[in-house]
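Trainee: Quick one: this structure, given as structure tokens, is what I'll be asking you about.
What follows is calculated from the coordinates using simple rules that are stated; it is not laboratory data. These numbers come from a predicted model, not from an experiment. Glycine gets a Cβ as well: all are built from the backbone with ideal geometry, and neighbour counts include every protein chain shown.
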Amino acid sequence: MLVDEALSEQIIGAAIEVHRQTGPGLLESSYQVCFCRELELRGIPFRAQVDLPIVYKGVRLECGYRIDVIVADRIVVELKAVEKLLPVHEAQLITYLRLSGLSRWLSNQL
């Protein structure tokens, strides 16, 4: 398996390729489908729209949280179709990392 730095470079390359091919103005969901297709084309393993429950007092609760993409079961990728990343986007990622137990993330601003 690739080390995280090399894998991160491949993920960023895939996101750049999606942006080159589609340009700005699509919905996040459309970018996600394209990004996942690009990962497939590059042979990079991933899971999309991963449910993220909260465990509260020993009970697993489904609260509607979903991680956009988890690559190689190691890196959380959160796609944003926004003009500028805001502190709330970073807070969302920190929450996803805490709840998922993963420690590495990338946020692709498309």
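Trainee: 222 nm [θ] for the chain, helices only, -39500 (n - 2.57) per DSSP H run of 4+, per residue, to 500?
Mentor: Numbers: 3 runs with 47 residues, N = 110.
Only helices count here, giving -14000 deg cm²/dmol.
Trainee: Let me ask something additional. Out of every Cα pair in the chain, what percent are spaced more than 25 Å from each other?
Mentor: Details: 1184 of 5995 pairs.
The proportion of pairs with Cα distances above 25 Å equals 20 percent.
Trainee: Taking loop as defined by DSSP and a crowding limit of 15 other beta carbons within 10 Å, which GluC sites (Glu not before Pro) in the range 47-104 fit?
Mentor: Working: sites: Glu62, Glu78, Glu83, Glu90; in loops: Glu62, Glu83.
Answer in residue order: Glu62, Glu83.
Trainee: What relative contact order, as a whole-number percentage, does the range 1-104 give when Cα pairs under 8 Å and 6 or more residues apart are counted? Mind dumping the intermediate values first?
Mentor: Numbers: 102 pairs, mean separation 21.4, N = 104.
Worked out over the range 1-104, it gives 21 percent.
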